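The values are calculated or read from the model by the stated rules, or taken from the named source; none is laboratory data. These figures come from a predicted structure and were not determined experimentally. Because the Cβ atoms are built from the backbone with ideal geometry, glycine has one as well, and the counts that use them run over all protein chains shown. Ligands, DNA and RNA are excluded from the accessible area calculation, which covers all protein heavy atoms including side chains. Shrake-Rupley method; radii C 1.70, N 1.55, O 1.52, S 1.80 Å.
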Amino acid sequence: MDENFNILNKVPVDKLDETILKHNNLACIVKDGILTRELLEEIEKSTSIKYILCIDSIQKSSNKVKIFTISDLDKV
């Protein structure tokens, strides 16, 4: 998604890494799965993504990216 929350692309999980690196205008990722530490590190160092919404995350916080999980949405 871009900063206006327009959907830019839908990709299979196994193509997510390469797709993230190709698009420089992504602001948010919605991931139907668990955010791995490796993917988070790649996002932090190589993109301008600000938000990630996922089912769960191995790492619960980041200095560069706000991570929201399904359990966070239950608190709203």
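Would you mind calculating the gained length between Asn6 and Ser71 on full extension (0.36 nm times residue separation, minus the Cα-Cα distance), in nm to one decimal? Intermediate values should be presented prior to the final figure.
Details: separation 65, 0.36 × 65 = 23.40 nm, distance 2.38 nm.
The Asn6-Ser71 span can extend by a further 21.0 nm.
In this label model, Leu21 and Thr36 are separated by 1.4 nm, measuring between points 7 Å along each Cα→Cβ vector.
Compute, for the chain, the length of the dipole vector about the Cα centre, with Cβ point charges of +1 (Lys, Arg) and -1 (Asp, Glu) only. Units Debye, rounded to 20. Present the calculation step by step, with values, prior to reporting the outcome.
Working: 11 positive and 13 negative charges, 36 e Å.
Magnitude of the dipole: close to 180 debye.
Kirkwood hydrodynamic radius for the chain: how many Å is it when counted over pairs of different Cα atoms? Averaging 1/r across every pair of different Cα atoms and inverting gives 12.5 Å.
How large is the accessible surface per residue of region 1-57, computed with a 1.4 Å probe and reported in Å² as a whole number? Don't skip to the end; give the middle numbers.
Numbers: 3750 Å² over 57 residues.
Value for region 1-57: 66 Å² per residue.
Pairs from the list Lys45/Lys75; Lys22/Lys66; Lys22/Lys75 with a Cα-Cα gap above 28 Å: Lys45/Lys75; Lys22/Lys75. Could you grab the relative contact order for region 1-72? Cα pairs under 8 Å, six or more apart, rounded to a whole percent. Across region 1-72, relative contact order equals 27 percent.
Surface composition of the chain: carbon plus sulfur atoms hold 51% of the accessible area, using a 1.4 angstrom probe and ignoring ligands, DNA and RNA. Candidates Asn63, Asn9, Thr47 compared by Cα position along the dipole of the chain: farthest toward the positive end lies Asn63, with charges placed on Cβ.
Restricting the chain to GluC sites (Glu not before Pro) that sit in a DSSP loop and have at most 10 other Cβ atoms within 10 Å of their own Cβ leaves nothing. Region 41-72 and region 1-33 have Cα centres lying 13 Å from one another.
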